1. Could you look through region 51-71, keep only residues that are over 17 Å from residue 197 (Cβ atoms) and in contact (Cβ under 8 Å) with a residue 40 or more places away in the chain, and pick out the one that is surrounded by the most Cβ atoms within 10 Å (Cβ to Cβ)?
2. Give the residues of region 94-130 that are farther than 17 Å from residue 79 by Cα, outside any helix (DSSP H, G or I) and out of contact with any helix residue (DSSP H, G or I) (no Cβ under 7 Å at 6 or more places or on another chain), sorted by residue number.
3. Considering (1) outside any helix (DSSP H, G or I); (2) farther than 25 Å from residue 61 by Cα, say which one residue 161 fails and leave the rest.
4. Might you check whether a residue that is surrounded by fewer than 23 Cβ atoms within 10 Å (Cβ to Cβ), outside any helix (DSSP H, G or I) and modelled with pLDDT of 95 or more occurs anywhere in region 169-180?
5. Kindly list, by first and then second residue, each pair from a residue in region 74-88 that is at negative phi to a residue that is part of a helix (DSSP H, G or I) and surrounded by fewer than 16 Cβ atoms within 10 Å (Cβ to Cβ), limited to pairs with Cβ atoms under 8 Å and residues at least 6 apart or on different chains.
């Protein structure tokens, strides 16, 4: 299936020629920011749904329980560790790497208070699914800008290049490994967590495929 067989972040007419581009075109920068805002809203939907935290938060919880670190410091430590994997994977940061942290966090803060908090578990699952799809599409937009990935997306694209496997399977493998480690360390896993672990890889792949084909029209 073509939607799930994407093996690299595509380049289109508005993509930056290099991640270390400090004077990107307005169109490229605008699409980067738009993609990250959509990504952030998707993350906010997952939080509002309350059906389970993300796999990386489960890992941070587990590390916190094992080491005594607060979840904030555990999350920070995990982020540094992920960035260190960029060195052997030869990943290149850029404006998008910094914007990833700033814009997603700002979007979550801005939109979270206005999002529905469902009481029905069925609606929680629906909201989580919408959030996962939005994160996937937002990832597709900002990654195709080629201005540098966020830490976890950089790990994904780096491992894809090394292994040659489709992005969907690489990302799914990363998330399942992370959630398994977090659970073994004592982190809390919900149905929304498993949905994210299994669904974010395909969602990102669909996002990349869609952005590539829409950009051709």
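The values are calculated or read from the model by the stated rules, or taken from the named source; none is laboratory data. In this text, all values refer to a predicted model and were calculated from it rather than measured experimentally. Cβ coordinates were reconstructed from backbone atoms using ideal geometry, including for glycine residues, and neighbour counts include every protein chain displayed.
1. 63
2. Hits for region 94-130 are 119, 120.
3. Going through (1) outside any helix (DSSP H, G or I); (2) farther than 25 Å from residue 61 by Cα one by one, residue 161 breaks only (1).
4. No - not one qualifying residue is present in region 169-180.
5. Correct list of pairs: 74/67.
Listed here are the residues, each with its yes/no results for (1) surrounded by 21 or more Cβ atoms within 10 Å (Cβ to Cβ); (2) touching a strand residue (DSSP E or B) at 6+ places or on another chain (Cβ under 8 Å); (3) modelled with pLDDT of 95 or more.
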position	(1), (2), (3)
102	no, no, no
123	no, no, yes
130	no, no, yes
167	yes, no, yes
